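Written out below as structure tokens is the structure these notes cover.
The values are calculated or read from the model by the stated rules, or taken from the named source; none is laboratory data. Fair warning: this is a prediction, and the values are worked out from it, not measured in the lab. Cβ placement follows ideal geometry from the backbone for every residue including glycine, while neighbour counts extend to all protein chains displayed.
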Amino acid sequence: MLQALPNWGQTAFLKCGLTLFTISCCLWVSAAIADDYADARAELVAAYQAQEFAGMRSAANKALEARPDYPGALFNRALAEVLDGDAEAALATVVGLVTSGVDYGVAGLPEFASLQELPGWQAYTNAVEELDKPIGSATIAYTHAVADFVPEGIAIGGDGELYLGGIRHGTIMRIDDSAAVLSDAAGHWSVFGMRLDGNGGLWFASAAVPEFADNSEAENGRTGLFRLDLKTREITHTALLPVSEDSQVLGDLVLVDEDTVLATESLTGALYRYSIAAETFTKVIAPGVLRSMQGLVRDETGRYLYVSDYVGGLFRITLANNTIERVVSDASVSLFGIDGLYRFGSKLIAIQNGIRPHRVIEFALSEDGLAVTNSRVLARNLPEFDEPTLVTIVGNEFFFVANSHWNRFDRDGNLPDGLAGPVILKIKL
């Protein structure tokens, strides 16, 4: 019988991308969106329940045709292969996953026990051990004592003051020599991406999500962009996304100019352009074209926008005509599970918390900007990590939230006791 473990509700695409299902083992699946991948996944689950493992294997391959190189689909194929009696094929598949920097804990799953008799098993477990080792030398830049803050948005001002936005209580703090509350969710909800506008204002995305402590059923699914005056501590601009039948969460944003904000909507995969003067939202990318849009950043020329899709990979959008192109990589680099996305010179820097282990990674791009030619892990498996999330870059220093605790919410939106308060790490680039 197929039983779902913690249901992440409307934030399944927002921070989980993959939902874990247990049988006596694990099937990794994404939230249900009507596409070829969802159809193949449904076929795969049905074949498993009927113990028709050849059919399960066929469905797993169909899922990979619909979503090439998707780590969850590769894990499902490995599971189908081993259940179908082809341990060698299953080992080759999981070796490919580890080569791309992804581990689903296969060594601890009894369904994969037959792989342990194969000649390549020891090399595989050695590779997993290497993948599990901490990498990087980040230093602690800031901490905050409130354990259930659940940090997401982050920005740093010209004098080094840090602004931190929280999911649990919708609080925006200034953290320097003291901790001052600038906004306590009056007129908004959970705080997601944040950007300083250079004119004394802080723009941020906010949404009424189940993890918001004061969420009401009447406001569930509301989301918008807000501007906070840092001096007066007043909200000076409110831009609510029109209500939709689908739940919506504006998760991240960039300020293009004095009139234009671009914002990703994480649950339907839409990208919006907001005009401050006209107070209107227009769709750059319609819902459903991509699946779970997260981070976004413009290139050096300003002509292109790079966006991460949690379950789809990395894409480039030409802003003049809104065309979308996929950014590709070789088998050694996974572009899935990217949450925060940033630029340092001509390189992209990503927070990957949708694959395991979590990491901060730097991508060098090809001359045409459509391929990752090289990558370098800046930080991975550090002791402070507990679902790292968004970032800000100041000069050549990279500040990021190390412990958002998104993975600690239960199905009712509650957090356990004993969590550490927000930890902000810093890496020199």
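Annotations for the structure displayed:
- Test for Val360: is it in the same structural domain as Ile324 (by TED's automatic domain parsing), farther than 16 Å from Ile135 by Cα and surrounded by 17 or more Cβ atoms within 10 Å (Cβ to Cβ): no
- Elements of type strands (runs of 3 or more DSSP E) in the range 59-176, at least 1 residues being out of contact with any Lys or Arg (no Cβ under 6 Å at 6 or more places or on another chain) and crowded, with 23+ Cβ neighbours inside 10 Å: 151-156, 162-166, 171-175
- The conditions of being assigned by TED's automatic domain parsing to the domain that holds Ala277 and touching a residue at least 60 places away in the same chain (Cβ under 8 Å) are met by Pro210.
- Residues in the range 373-399 that are within 17 Å of Tyr342 (Cβ to Cβ) and assigned to a loop (DSSP other than H, G, I, E, B): Pro388, Thr389, Leu390, Gly395, Asn396.
- The residues in the range 174-210 that are of a type in the set (A, V, I, L, M) and under 23 Å from the mean Cα position of the chain (by Cα) can be counted, and the count is 8.
- The range 247-269, subset part of a strand (DSSP E or B) and charged (D, E, K, R), residue nearest to Ala205 (Cα to Cα): Asp252
- Qualifying residue in the range 270-290 (condition: under 24 Å from Gly200 (Cβ atoms), touching a residue at least 60 places away in the same chain (Cβ under 8 Å) and touching a strand residue (DSSP E or B) at 6+ places or on another chain (Cβ under 8 Å)): no
- Against the conditions (1) over 14 Å from the mean Cα position of the chain (by Cα); (2) assigned to a strand (DSSP E or B); (3) of a type outside the set (S, T, N, Q), Ile361 satisfies every one except (1).
- Of residues in the range 292-326 being over 13 Å from Asp339 (Cα atoms), part of a loop (DSSP other than H, G, I, E, B) and of a type outside the set (Ser, Thr, Tyr), the one nearest to the chain's Cα centre (by Cα): Asp299
- Filter result (among the aromatic types (Phe, Trp, Tyr) and assigned to a strand (DSSP E or B)) within the range 204-225: Phe204
Table: residues versus (1) modelled with pLDDT of 95 or more; (2) under 30 Å from Asp214 (Cβ atoms).
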residue: Lys347; (1), (2): yes, no
residue: Ala371; (1), (2): yes, no
residue: Asn374; (1), (2): yes, no
residue: Val401; (1), (2): yes, yes
residue: Asn407; (1), (2): no, yes
residue: Asp410; (1), (2): no, yes
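- Selection within the range 226-243 - outside any strand (DSSP E or B) and in contact (Cβ under 8 Å) with a residue 24 or more places away in the chain: Leu230, Lys231, Arg233, Leu241, Pro242
- Of all the listed residues (Ile355, Ile424, Ile393), the sole one being β-branched (Val, Ile, Thr), touching a residue at least 12 places away in the same chain (Cβ under 8 Å) and closer than 23 Å to Thr99 by Cβ is Ile355.
- Just one of the numbered conditions (1) loosely packed, with under 13 Cβ neighbours inside 10 Å; (2) assigned to a loop (DSSP other than H, G, I, E, B); (3) outside the structural domain of Leu335 (by TED's automatic domain parsing); (4) not charged (D, E, K, R) is not true of Ala186: (3).
- Candidate set: the range 211-254, residues that are within 20 Å of the chain's Cα centre (by Cα) and of a type in the set (A, V, I, L, M, F, W, C); chosen: the one farthest from Gly413 (Cα to Cα): Val254
- Any hit, the range 307-325, residues being surrounded by 24 or more Cβ atoms within 10 Å (Cβ to Cβ) and touching an Asp or Glu at 6+ places or on another chain (Cβ under 8 Å): yes
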